[in-house]
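Engineer: Here's a structure for you.
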Amino acid sequence: MLRTPLCDLLGCEVPILLAGMGGVARSELAAAVARAGGYAMLGMVREDPDLIEREVLALREATNRPFAVNVIPSATEPSLLDRQISRCLDLGVRHFTFFWDPMPEVIGRLKREGCLVLHQVGTVEAAAKAEGAGADVIITQGIEAGGHVHGRIGAFALAEAVLDRAQVPVVVSGGIGSGRGLAAALAMGAQGVQCGTAFLATDEAWAHDYHKTRVVQADGADTVLTDVFVLNWPKGAAVRVIGNSITEKLGDDLMGHDPATLPREPIAMDGGQPLLRYSTDSPMRHTTGSLEEMALYAGQGAGMIRDVIPAGDRLRRMVEEAEACLERLR
């Protein structure tokens with residue numbers, strides 16, 4: 001009942017995509033989603049090519065299902081981006097997923113290599129630019145989404161506007177934490193959904209247990225959109241996080257922060273690396289320090305996430321809920 005042409009294009013069984021959450025969507029989580037029938041993405045934003053290679057090989061060892069590697073061209077130093085893409089191509093990776101401002105030259109390079117490109121966008125204009133450059137799938141990210149948020153339009157309003165124009169499959173992302181969201185997306189003509197928060201609160205996610213617990217405890221009203229967690233990203237790059245002591249001190253001044261003027265104060269450690277207050281880093285499994293002050297990414301669909309479970313179970317729950325919704329519609 002849920003199968004769409006997107007499933008044939010991507011090689012998955014159900015049209016549920018794992019968001020390419022940097023640091024969180026590593027091979028363990030990606031393999032769990034893929035084995036359960038969804039479409040996996042490795043979140044490799046600004047990662048060293050050697051780490052990308054290890055994660056690609058680990059994922060292939062765990063499953064033979066198709067997957068994409070997620071990098072962000074417009075937020076990555078050009079030489080590193082070139083090395084990331086070159087290493088992926090050398091490894092035989094042929095699916096890529098991008099985010100933020102479309103870079104036609106990067107999309108064009110991969111299309112000339114015969115690759116499949118998915119591009120997440122936050123505006124109608126960015127969707128048209130990505131499709132015009134050759135993107136095979138457009139992922140429309142609504143303002144409800146957790147993590148970095150590109151646009152300021154609701155997920156379904158943006159998807160509807162893009163569906164009016166796009167000639168390629170459209171996937172809805174932002175605030176979707178249950179099968180009801182998947183059913184709604186399919187009913188409006190989209191071909192699937194992408195989920196981040198729903199898969200962050202799973203056993204296999206590389207996020208810290210503290211982050212997972214906060215997601216389970218939160219609802220949509222506990223999240224805030226702010227650009228104070230901006231170190232490592234360009235000025236004005238907003239994120240949706242669970243409110244904490246940092247955002248509470250801001251009051252109504254959640255936006256308009258300049259990374260050039262923010263102090264560089266270490267508050268945590270991960271793998272011997274100091275992590276700064278106001279950075280875009282979220283706590284991973286082995287992070288230590290003041291986790292409460294870090295960016296705890298979560299979308300407004302957090303209220304639908306009530307437990308930490310295996311990723312396969314989360315996906316199967318969504319499938320069952322969506323099928324039940326669509327059966328009632330029939």
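Engineer: Please go through the range 302-324 and give me each residue that is more than 20 Å from the chain's Cα centre (by Cα) and either free of Cβ contacts under 8 Å to residues at least 40 places away in the same chain or surrounded by 19 or more Cβ atoms within 10 Å (Cβ to Cβ) (or both), ordered by number.
Structural biologist: The one that is more than 20 Å from the chain's Cα centre (by Cα) and either free of Cβ contacts under 8 Å to residues at least 40 places away in the same chain or surrounded by 19 or more Cβ atoms within 10 Å (Cβ to Cβ) (or both): ALA322.
Engineer: Can you name the residue in the range 259-273 that is more than 24 Å from the chain's Cα centre (by Cα) and not hydrophobic (A, V, I, L, M, F, W, C) and is also farthest from GLU292 (Cα to Cα) among such residues?
Structural biologist: From the range 259-273, those more than 24 Å from the chain's Cα centre (by Cα) are 260-267, 272; that's our starting set.
Adding the requirement that they be not hydrophobic (A, V, I, L, M, F, W, C) leaves 261, 263-266, 272.
On the way: THR261: 22, PRO263: 18, ARG264: 17, GLU265: 15, PRO266: 13, GLY272: 19 Å.
Within the range 259-273, the match that is farthest from GLU292 (Cα to Cα) is THR261.
Engineer: Something else about it: What tally of residues in the range 158-176 results from selecting those that are buried (at least 24 other Cβ atoms within 10 Å of the Cβ), over 20 Å from LEU329 (Cβ atoms) and either modelled with pLDDT under 95 or small (Gly, Ala, Ser) (or both)?
Structural biologist: Residues flagged as buried (at least 24 other Cβ atoms within 10 Å of the Cβ), over 20 Å from LEU329 (Cβ atoms) and either modelled with pLDDT under 95 or small (Gly, Ala, Ser) (or both) within the range 158-176 amount to 3.
Engineer: While we're here: Specify the residue that is surrounded by the fewest Cβ atoms within 10 Å (Cβ to Cβ); the eligible residues are those in the range 219-271 that are aliphatic (A, V, I, L, M) and touching a Gly at 6+ places or on another chain (Cβ under 7 Å).
Structural biologist: Filtering the range 219-271 down to residues aliphatic (A, V, I, L, M) leaves 221, 224-225, 228, 230-231, 237-239, 241-242, 246, 250, 254-255, 260, 262, 267-269.
So of that shortlist, the ones also touching a Gly at 6+ places or on another chain (Cβ under 7 Å) come out as 224, 239, 267-269.
Numbers: VAL224: 17, VAL239: 22, ILE267: 18, ALA268: 21, MET269: 13.
Restricting to residues being aliphatic (A, V, I, L, M) and touching a Gly at 6+ places or on another chain (Cβ under 7 Å), the top hit is MET269.
Engineer: Pull up the range 23-58, narrow it to residues that are part of a helix (DSSP H, G or I) and touching a strand residue (DSSP E or B) at 6+ places or on another chain (Cβ under 6 Å), then point me to the one that is surrounded by the most Cβ atoms within 10 Å (Cβ to Cβ).
Structural biologist: Of the residues in the range 23-58, the ones part of a helix (DSSP H, G or I) are 27-35, 49-58.
Checking which are touching a strand residue (DSSP E or B) at 6+ places or on another chain (Cβ under 6 Å) leaves us with 30, 33-34, 55.
Details: ALA30: 32, VAL33: 28, ALA34: 26, GLU55: 20.
Per the criteria, the residue is ALA30.
Engineer: Please determine whether any residue of the range 276-296 is within 22 Å of ASP203 (Cα to Cα), in a helix (DSSP H, G or I) and of a type in the set (Val, Ile, Thr).
Structural biologist: There is no residue in the range 276-296 that is within 22 Å of ASP203 (Cα to Cα), in a helix (DSSP H, G or I) and of a type in the set (Val, Ile, Thr).
Engineer: Quick check on my filter: what residues within the range 101-119 are out of contact with any His (no Cβ under 9 Å at 6 or more places or on another chain) and either outside the structural domain of ALA75 (by TED's automatic domain parsing) or within 14 Å of GLY132 (Cβ to Cβ) (or both)? Write out each step before concluding.
Structural biologist: Our first condition is that a residue be out of contact with any His (no Cβ under 9 Å at 6 or more places or on another chain); within the range 101-119, this holds for 103-106, 108-114, 119.
Those that are out of contact with any His (no Cβ under 9 Å at 6 or more places or on another chain) and either outside the structural domain of ALA75 (by TED's automatic domain parsing) or within 14 Å of GLY132 (Cβ to Cβ) (or both): MET103, PRO104, GLU105, VAL106, GLY108, LYS111, HIS119.
The values are calculated or read from the model by the stated rules, or taken from the named source; none is laboratory data. Predicted, not measured: the structure shown is a model, and the values here were computed from it. Positions of Cβ are generated from backbone atoms using ideal geometry, with glycine treated the same way; all protein chains shown enter the neighbour counts.
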